[in-house]
Amino acid sequence: MTSAEKMQTPHLNFLLGALPAANLAPLEANLELVQLRLGDMLYEPNTQLQHAYFPTSAIVSLHYVTASGASVEISGVGNEGMVGISLFMGGNTTPSSAMVHTSGYAYRLERSLLNAEFANNIALQKMLLRYTQALITQVSQTAACNRHHSVEQQLSRWLLLTLDRITSGEFVLTQELVANMLGVRRESVTAAAASLQGNGCISYRRGHISVLNRKSLEGYACECYAVVRKEMQRLLGAAQT
């Protein structure tokens, strides 16, 4: 076991960490720590999901791919949530895909075990339903943002949401990857990143982005970031009651 693996604990995932000890205990025996690497596909469109994932340090992008091959991120999932809500919602499959865009760790739970706990563990059930509502808000706000706000605003929102899910202010991202996430041309991302860098918000070099001034970056983001964050805090902050 590596030093990074030794540092992992289910409590690093907010949903698991917020559960009372008595409600977390039945899950812990079946949680499997897995390392997720950049580009790993956790599930493809319209395929049967086999596991739920609770990220601790990895970030997963939920993508929708059109018939023409164009793609866009509809939401992201980090240590605040889980991947695989269709398992306990009864759908089992989804037209979207889930791809790792920031490598790290997650705890994996087999679908039958998740469903059994969801049916019998009321605290877990309430937590996951509230998280689902928060995720729906993120998907809805992302759709509105992509339609009505500038690429610079979208990029600022996306960087802030990513920053909330990591422990450092620096992450590895290529402009091509970000363009695919936002569903825009790479040239548009280049221009937006240059503008944010020129204004002292970020530093960008060779695929590495460092946030230099978070407060300034928040000023360039649209209201969508605050709406998503506030709703996540409202719903998950109340999840233990």
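Put simply, the amide H of Leu33, placed in the peptide plane, has neighbours under 5 Å in Arg108, leaving out anything fewer than 5 places away on its chain.
For the range 17-49, backbone nitrogen atoms closer than 13 Å to the point 7 Å from Asn115 Cα along Cα-to-C-beta are found at 48-49.
Taking amide hydrogens as placed 1.01 Å from N in the peptide plane, the amide H of Ala98 sits under 5 Å from those of Leu42, Tyr43, His63, each at least 5 positions away in sequence or on another chain. Sparse packing (at most 14 other Cβ atoms within 10 Å of the Cβ) combined with a DSSP loop state is found for the following trypsin sites (Lys or Arg not before Pro) in the range 144-241: Arg185, Arg206.
May I ask you to give the percent of accessible area on the chain that is carbon plus sulfur, with a probe radius of 1.4 Å?
Numbers: 5890 of 11290 Å².
Result for the chain: 52 percent of the exposed heavy-atom area is carbon or sulfur.
Expressed as an acute angle from 0 to 90° and rounded to the nearest 10, what is the orientation of the C-alpha long axis of helix 223-237 relative to the principal long axis of the chain? For helix 223-237, the angle is close to 20 degrees.
Rounded, prolate or oblate: pick one for the range 1-125, where a ≥ b ≥ c are the square roots of the eigenvalues of its C-alpha gyration tensor, a/c under 1.5 means rounded, and failing that, prolate if a/b is larger than b/c, else oblate.
Values: a/c = 2.21, a/b = 1.32, b/c = 1.68.
Oblate, since a/c reaches 1.5 and b/c is not below a/b.
Kirkwood hydrodynamic radius of the range 71-112 from all distinct Cα pairs, in Å?
Working: mean 1/r = 0.0835 Å⁻¹.
Hydrodynamic radius (Kirkwood, Cα pairs) of the range 71-112 is 12.0 Å.
Near Asn199, no amide H atom lies under 5 Å from its own; only residues 5 or more places off or on other chains count, and H is placed 1.01 Å from N. Placing a pseudo-label 7 Å from each Cα along the Cα-to-Cβ vector at Glu187 and Arg205 gives an inter-label distance of 2.7 nm.
In the chain, the longest principal axis of the Cα atoms and the axis of helix 122-148 are about 20 degrees apart. The phi-based Karplus calculation (6.51 cos²θ - 1.76 cosθ + 1.60; θ = phi - 60°) puts the 3J(HN,Hα) values of the range 208-220 at 9, 10, 10, 7, 8, 9, 4, 4, 5, 5, 4, x, 8 Hz, whole numbers, x for Gly and Pro. Think of it as helices only: each DSSP H run of n ≥ 4 in the chain is worth -39500 (n - 2.57), and spread over all residues that comes to -14000 deg cm²/dmol at 222 nm.
Relative to the longest principal axis of the Cα atoms of the chain, the long axis of helix 186-198 makes an angle of roughly 80 degrees.
Couplings 3J(HN,Hα) of the range 48-64, computed from phi: 5, 6, 9, 9, 9, 10, 10, x, 10, 10, 7, 10, 10, 9, 8, 10, 10 Hz, in residue order, whole Hz [Karplus 6.51 cos²θ - 1.76 cosθ + 1.60, θ = phi - 60°; x for Gly and Pro]. Per residue, the solvent-accessible area of the chain (1.4 Å probe, heavy atoms of protein chains only, all protein chains present) comes to 47 Å². Just to verify a number: FRET efficiency for Arg147 and Leu212, C-beta to C-beta distance, R0 = 41 Å, to 0.05? Efficiency computed from Cβ-Cβ geometry: 0.90.
The values are calculated or read from the model by the stated rules, or taken from the named source; none is laboratory data. Everything quoted here is computed from the prediction, not taken from an experiment. Here the Cβ is made from the backbone with ideal geometry for all residues, glycine too, and neighbour counts use every protein chain on show. Keep in mind that these areas ignore ligands, DNA and RNA; they rest on the heavy atoms of the full protein, side chains included. Shrake-Rupley method; radii C 1.70, N 1.55, O 1.52, S 1.80 Å.
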